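Participant: Below is a structure I'd like to ask you about.
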Amino acid sequence: MKKIRVGVIGVGNCFSGLIQGIEFYKRNRKTIKIGLMHEKIGNYSIYDIDFVSAFDVAENKIGKKLCDAIYTCPNCVNWVKNVSIGKDVIVKESPLLDGIGIYTASLIKPKKQTKSIKKLREEILEEIRKTKTEILINYLPVGAQKASEFWASIAIESKCGFINCIPVFIASDKAWGTKFKMAHIPVIGDDIKSQIGATIVHRTLTKLCVDRGAKINRTYQINVGGNTDFLTMLERNRLESKKISKTEAVRSLIPSGIEDRNIYVGPSDFIPFLGNTKLAFIRIEGKMFAEIPFNMELRLEVDDKANSAGVAIDAIRYCKIALDHNVGGPLIEPSAWLMKHPPLQMGDEEAKKKTEEWLMNLTMI
Ligand SMILES: NC(=O)c1ccc[n+]([C@@H]2O[C@H](COP(=O)([O-])OP(=O)(O)OC[C@H]3O[C@@H](n4cnc5c(N)ncnc54)[C@H](O)[C@@H]3O)[C@@H](O)[C@H]2O)c1
């Protein structure tokens, strides 16, 4: 089986979790099967994923081997030491654009950029060509609109599939969706839905209330964490699309709708000592039979990065299968299943079923 040749944009905690997770499964191949949605998708197992190129802006990551850069400060995922994947890959320079926020600027020192964006673009395209990268996965910080658009255009020009894990709208944006469609390049996005994250849990509880005939009057979801993602999210004006993405993921399941003042979904604070531990507090208030009120509260404690990696590992394989079968444009079904803000929202059960059908139709050809 051919390897899936992936390039990473942003060697931060999410990517560190993904690569360390794959190494974990490799080392425990015979014994451990827990934690994967799919060991295989089509003919691709998780061991077929290879990382062949990497791009960042941090002075202490550029020029390093990828297998070392993943442990570099302020990254704080340390599940598996001495990862062997990516030992031949050197992290290359990406244009900074709007990558670093005001709060993270104290932790991430960008390399002084002496080259023009045009020059960097040429070098990046050459690196993608040389390394035969076929999929780019976007892990830029929240609010990196211009940088994400730069990388979406690189994906189109280099004919790489694009997986947009961040809450900037590319797959779900009409203009970008059309560009990918015209170029016949698959794109999965936007904003990765974590494996057992606040969004999927909140959606499941919302659907439960709706399916059981209850009316949801008010609901909130508060998230706190202590990694650079949460630090970046202190900058509220970088959060507009994150808030839309997370709110719509819940609101779309309430057929009667819910007014803005009765729904709050968003990150709320940065608590440094939490590191990658993320806490979510979810509350739903409503009325049930005979308009009798009810409410529920839930506290979820998860590792934020295991959560995103457990989903990205499937997104990569769906994207590769689309490339193999010459399918381009936004991948509607996998995006609805794996992402918070897909081009088309569906219930999770329906999205899972439709993704399985999509896969079966393609792989039967
Ligand atoms: N559960 C989750 O962790 C989860 C869920 C949904 C979405 N996301 C999103 O995934 C993204 C990545 O999260 P993370 O925790 O890895 O963030 P992070 O802060 O740990 O990593 C971001 C990386 O991007 C680099 N970077 C900044 N500007 C850049 C540029 N212009 N070009 C290339 N690299 C650049 C930084 O140096 C850093 O290495 C965030 O947008 C986050 O909101 C994460």
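Participant: For the range 198-304, taking Cα atoms only, what is the radius of gyration to one decimal and the Dmax to the nearest whole Å?
Facilitator: When restricted to the Cα atoms of the range 198-304, Rg and Dmax are 14.5, 47 Å.
Participant: In Å, what is the Rg of the alpha-carbon atoms in the range 69-228, and how long is Dmax?
Facilitator: When restricted to Cα atoms, the range 69-228 yields Rg and Dmax of 19.0, 61 Å.
Participant: I need the Debye-formula profile for the range 141-216: one equal scatterer per C-alpha, no solvent, reported as log10 I(q)/I(0) at q = 0.11, 0.13, 0.21 1/Å, two decimals.
Facilitator: Rounded to two decimals, the profile gives -0.39, -0.51, -0.86.
Participant: Here's something else I'd like to know. Calculated FRET efficiency, residue 68 and residue 215, Cβ-Cβ r, R0 56 Å, to nearest 0.05?
Facilitator: Details: r = 54 Å, r/R0 = 0.96.
The formula returns an efficiency of 0.55 here.
Participant: Build a GNM of the chain with springs between Cα atoms under 10 Å: which of 284, 137, 170 gets the top mean-square fluctuation?
Facilitator: 284
Participant: Of the residues 319, 73, 165, which exhibits the maximal mean-square fluctuation in a Gaussian network model of the chain defined by a 10 Å Cα contact cut-off?
Facilitator: Fluctuation is largest for 73.
Participant: Could I ask something else about it? Give me, ordered by chain and number, the residues 5 or more places off residue 329 or on other chains with an amide H under 5 Å from its own placed amide H.
Facilitator: 181, 184, 185, 187
Participant: Counting alpha carbon pairs within less than 8 Å and at least 6 residues apart, what relative contact order, in whole percent, applies to the range 198-304?
Facilitator: Details: 186 pairs, mean separation 40.7, N = 107.
Contact order relative to length: 38 percent.
Participant: Measuring from label point to label point, each 7 Å out along Cα→Cβ, what is the residue 235 to residue 105 span in nm?
Facilitator: 0.8 nm
Participant: So what is the 222 nm mean residue ellipticity for the chain from helices alone, if each DSSP H run of at least 4 adds -39500 (n - 2.57) and you divide by all residues, rounding to the nearest 500 deg cm²/dmol?
Facilitator: Values: 11 runs with 134 residues, N = 365.
For the chain, the value works out to -11500 deg cm²/dmol.
Participant: Taking 2.2 N^0.38 Å as the expected size of a compact globular protein, what ratio does the Cα radius of gyration of the chain give against it, to two decimals? Mind dumping the intermediate values first?
Facilitator: Values: Rg = 20.0 Å, N = 365, 2.2 N^0.38 = 20.7 Å.
My calculation over the Cα atoms of the chain gives 0.96.
Participant: Moving on to the next point. So, in Å, what gap is there between the alpha-carbon centers of the range 257-300 and the range 166-215?
Facilitator: Value for the Cα centre distance between the two parts: 19 Å.
Participant: Please figure out what share of the DSSP beta bridges in the chain is antiparallel and state it in percent, rounded to the nearest 5. List each step's numbers first, then the result.
Facilitator: Numbers: 25 of 54 bridges.
Expressed as a percentage, antiparallel bridges in the chain total about 45.
Participant: Continuing with this model, one more query. At what distance in nm do the modelled label points of residue 361 and residue 184 sit from each other, each positioned 7 Å from its Cα along Cα→Cβ?
Facilitator: Label-label distance for residue 361 and residue 184, simple model: 1.9 nm.
Participant: Once phi is turned into ³J(HN,Hα) by the Karplus curve 6.51 cos²θ - 1.76 cosθ + 1.60 with θ = phi - 60°, what whole-Hz value does each residue of the range 110-122 show in order, with x for glycine and proline?
Facilitator: x, 4, 4, 8, 9, 9, 6, 4, 4, 5, 4, 4, 4
Participant: Consider a paramagnetic label point 7 Å from the Cα of residue 130 along Cα→Cβ; state which residues of the range 58-78 have an amide N under 13 Å from it.
Facilitator: Under 13 Å, as judged by backbone N against the label point of residue 130, lie 63 of the range 58-78.
Participant: Taking the Cα atoms only, what angle lies between the long axis of helix 13-27 and the longest principal axis of the chain, rounded to 10 degrees?
Facilitator: 80 degrees
Laboratory data are not the source of any read-out in this text; all were calculated from the coordinates shown. For clarity, every value in this text was computed on a predicted model and none was experimentally measured. Please note: Cβ atoms are built from the backbone with ideal geometry, for glycine as well, and neighbour counts cover all protein chains shown.
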